Amino acid sequence: MTQTAAPTATATQAGQPASDARMRVGVMTGPGAIEIREVPVPRPGVNEVLVRVRATAICTWEQRSYSGQQSNKFPFIGGHEIAGEVVELGPGVSDEITVGQAVTIGSAACGQCHWCRSGRDRMCPQHYRGSVAYDDAWGPGGFAEYKVHPASGIYPIPGDASWEAISLAEPLSCALHAVAQLDVRVADDAVVLGAGVMGLMNVVALKKHGARVIVSEIDPDRLAKARELGADITIDATSEDPIARVRELTQGRGAEHVIVAIGSGKANEQAMAMLADRGRLVLFASAHPMTPLEIDPNEMHNRETGVIGSLSSEQADFQAAARLIGLGQVDLRPLIQRSFPLTDLAAALDASVEPGTYRMIVTP
Ligand SMILES: [Zn+2]
Ligand SMILES: [Zn+2]
C-alpha cells in the first residue's frame with residue numbers, strides 16, 4: 001500500500017497544461033479489454049474546473065463492466081471515485097475553489113430545479129453531468145490524467161489526507177446518503193448485511209451516527225475487517241442464523257435499521273425478517289440477476305415498517321465525506337489494498353475482481 005500526501009492549497013504550484021497538451025486515458029473497449037489511449041487534455045468551460053487526477057479508486061460498476069457481470073456501453077472510461085488537484089478554472093467559478101486545492105469529484109447539481117430547491121439534489125437532472133466523452137468513448141472519466149467537472153460537483157478537502165484516502169470520498173458519501181435516509185438515533189440497533197467495501201462504508205457511516213452496528217457476512221476476513229472499522233457485533237452467517245441472532249441481540253425486537261449492502265435476494269429476505277417495528281430497510285445494492293422481494297402490505301401497515309432504495313449521493317453527503325476524510329474523522333486506510341499506475345489499469349482491474357479484495361487504486 002502506498003500513500004502519498006495531498007498538498008495543501010498554499011503549498012502547491014499547480015501546472016496548467018499547455019493548450020495543445022495531450023493526456024493518457026484508460027479505455028475499456030469490452031469486458032476484460034483495456035486500451036491506454038491519448039486524447040487532448042479537455043479545457044474547462046463556464047462554471048467548470050480542470051482537475052489533475054491523482055488517485056481513482058475502482059468501484060463495483062467498473063468491476064462488473066470489466067468482468068461482464070453487468071452490461072455496459074463500450075468503449076467505456078470508468079473511474080468515478082476521484083481525488084485530484086485543481087489546475088484550471090473556467091469562467092464563473094466561485095472563489096471557494098482555487099488552483100492548487102486538493103479536491104474530490106462528485107455529485108453535480110443545477111441549484112435551480114425542484115429537487116435542488118427542495119434539498120434533494122440527488123434527483124437533479126444534472127446529477128451525473130460530469131460524464132466525459134472522448135471520441136467514441138464515454139464514462140465518468142477518472143481513469144485519465146485530467147478531468148473537467150462542473151464546479152457544483154467539486155468538493156475541496158480540508159486538512160492533508162492522502163490522495164488514496166480522498167479517492168474514497170465518493171463511496172463514503174453513498175453510505176452517508178443511505179444513512180441520511182434513516183432516522184438513526186444514538187444507541188439504535190443497525191444491521192449491515194454484507195461486508196464488502198460498500199457494506200464497510202455503511203458501518204463507518206452508522207458508527208458516526210451513534211448506532212450499535214451489527215454486521216452479518218459469510219467471509220471471516222471481512223468480519224474481522226468490519227470489527228477493525230468499528231462494528232460492535234459480527235455474525236458469521238455460515239454458522240449462525242442472522243435473523244435469530246439479531247432477534248436475540250435485541251430482546252426479540254429486531255433492528256431499527258437494516259442496510260443490505262450485497263446484491264442478494266436471500267439477504268433482502270433476511271433483512272425483512274429482522275426488522276423491528278417501525279424499522280427501515282435500505283436496499284443499498286443492486287442484484288444481477290434481480291430477485292423480486294415479497295412484502296406483506298398489511299404487516300408493513302400494522303408495524304409501520306418501510307423499505308427504501310438508495311443509490312449514489314448528493315451534495316450534502318459529499319461535503320460531509322470530504323470533511324470526514326480531510327479532517328481525519330474517519331480512517332478508511334483498512335479499505336485500501338493497493339495502488340497501480342494508469343498504464344497498469346488492466347492489472348488493477350484484474351486484481352479488483354479477485355474475491356476478498358478491497359479498493360484497488362489507480363494513480364494517473
Ligand atoms: Zn463508487
Ligand atoms: Zn437541480
| task | Please identify the pairs in which a residue from region 76-97 that is at positive phi has its Cβ atom under 8 Å from the Cβ atom of a residue that is of a type in the set (A, V, I, L, M, F, W, C) and part of a loop (DSSP other than H, G, I, E, B), counting only partners at least 6 apart or on another chain. | result | GLY79/ILE58; GLY79/PHE143; GLY92/VAL46
| How about region 21-59: which of its residues are within 18 Å of GLU81 (Cβ to Cβ) and either surrounded by fewer than 15 Cβ atoms within 10 Å (Cβ to Cβ) or charged (D, E, K, R) (or both)? | ARG52, ARG54
| query | Which residues, counting only those in region 231-263, are among the β-branched types (Val, Ile, Thr), touching a strand residue (DSSP E or B) at 6+ places or on another chain (Cβ under 7 Å) and free of Cβ contacts under 8 Å to residues at least 40 places away in the same chain? | reply | ILE233, THR234, ILE235
| field | Set GLY252, GLY279: member being among the small types (Gly, Ala, Ser), outside the structural domain of ARG122 (by TED's automatic domain parsing) and not in a loop (DSSP other than H, G, I, E, B) | value | GLY279
| query | What's the number of the condition CYS110 fails, among (1) under 27 Å from HIS209 (Cα atoms); (2) out of contact with any strand residue (DSSP E or B) (no Cβ under 8 Å at 6 or more places or on another chain)? | reply | (1)
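Could you tell me which residue of region 49-72 is farthest from the chain's Cα centre (by Cα), considering only residues that are within 11 Å of ligand 1 (Cβ to nearest atom) and assigned to a strand (DSSP E or B)? Break it down into steps so the answer makes sense when it comes.
Applying the first criterion (within 11 Å of ligand 1 (Cβ to nearest atom)) to region 49-72 yields 56-63.
With the extra rule that they be assigned to a strand (DSSP E or B), the set shrinks to 56-57.
Working: THR56: 11, ALA57: 9 Å.
Ranking the qualifying residues of region 49-72, first place goes to THR56.
In region 60-79, what count of residues is obtained for those that are surrounded by 24 or more Cβ atoms within 10 Å (Cβ to Cβ) and under 22 Å from GLY199 (Cα atoms)?
So in region 60-79, the residues surrounded by 24 or more Cβ atoms within 10 Å (Cβ to Cβ) come out as 62, 66, 77-79.
Those still in the list that are under 22 Å from GLY199 (Cα atoms) too: 62, 66, 78-79.
Residues meeting the conditions: 4.
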| remark: Only unsatisfied item for GLY142, checking (1) under 30 Å from GLU269 (Cα atoms); (2) under 16 Å from the mean Cα position of the chain (by Cα), is (1)
| field | Index of the failed condition, THR234 passing every other in (1) assigned to a loop (DSSP other than H, G, I, E, B); (2) of a type outside the set (Gly, Ala, Ser); (3) surrounded by 15 or more Cβ atoms within 10 Å (Cβ to Cβ) | value | (1)
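Quick one: in region 191-209, of everything that is assigned to a helix (DSSP H, G or I) and in contact (Cβ under 8 Å) with a residue 60 or more places away in the chain, which residue is farthest from the chain's Cα centre (by Cα)? Talk me through it step by step, then tell me what you get.
Residues of region 191-209 assigned to a helix (DSSP H, G or I): 197-208.
Filter once more, so that each one left must be in contact (Cβ under 8 Å) with a residue 60 or more places away in the chain: 197-202, 204, 208.
On the way: VAL197: 9, MET198: 7, GLY199: 11, LEU200: 11, MET201: 8, ASN202: 10, VAL204: 13, LYS208: 17 Å.
Across region 191-209, the extreme among qualifying residues is LYS208.
The values are calculated or read from the model by the stated rules, or taken from the named source; none is laboratory data. Treat the numbers as computed from the prediction; the structure is a model and nothing was measured. Positions of Cβ are generated from backbone atoms using ideal geometry, with glycine treated the same way; all protein chains shown enter the neighbour counts.
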